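Notes follow the structure.
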Amino acid sequence: MIKSQNRIKIETNSSSMSDLVFLLLIFFMITSTLISPNAVKLLLPESNSKTMARENVTVYIDENHNFFVDNDVPITVDELESFISTSIGGVGVDDACVVLRADKNVPVQDVVVVIDAVNSINSANGTKHKVILATSPKQ
């Protein structure tokens, strides 16, 4: 009996697959470092508290006393109250949270300006909006 030498071997070469996975890993590692959650660069004050809140509006104050609302829209102090009011949504929202991300070198007066704006909105509309100061964890 003559046996044939042409056997079909069913194998997969996994070396190219591991190269592909490695390249994808490198790609995602590089692109994840390019994503910046806060476009306004701030050094937040440090704290041990871990209060979490659902933020409706975010107000940024950088070290040069510039105010920004939500999507890095620069505003003046005079426009602050109207921007916060429109960002919250006005009617139907009674207990929104305004997250204040202020640089740790910002004077307290700038923080008070934001608190006063939210208190003014609360008195005018009969709402109970809160201001929460964002901090970074202590090291």
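Taken together, the values in this text are just the output of simple stated rules run on the coordinates, not laboratory data. Small disclaimer: the values here were computed from a predicted structure and weren't measured. Here the Cβ is made from the backbone with ideal geometry for all residues, glycine too, and neighbour counts use every protein chain on show.
May I ask you to list the trypsin sites (Lys or Arg not before Pro) in region 54-139 that are in a DSSP loop and have at most 10 other Cβ atoms within 10 Å of their Cβ?
Of the trypsin sites (Lys or Arg not before Pro), the ones in loops of region 54-139 whose Cβ has at most 10 other Cβ atoms within 10 Å are 54, 128, 138.
Could you tally the net charge around residue 67, taking each other residue with its Cβ under 9 Å from the Cβ of residue 67, Lys/Arg +1 and Asp/Glu -1?
Details: positive: none; negative: 62, 79, 110.
Net charge around residue 67: -3.
Less than 12 Å Cβ to Cβ from residue 116, Lys/Arg counted +1 and Asp/Glu -1: what total charge do the surrounding residues give?
-2
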Residues of region 113-139 with amide nitrogen under 18 Å from the 7 Å Cα-to-Cβ point of residue 48?
-> 135-139
Phi-derived 3J(HN,Hα) across region 56-65 with the Karplus relation (6.51, -1.76, 1.60, θ = phi - 60°), rounded Hz, x for Gly and Pro, is 9, 9, 10, 10, 10, 10, 8, 5, 9, 6
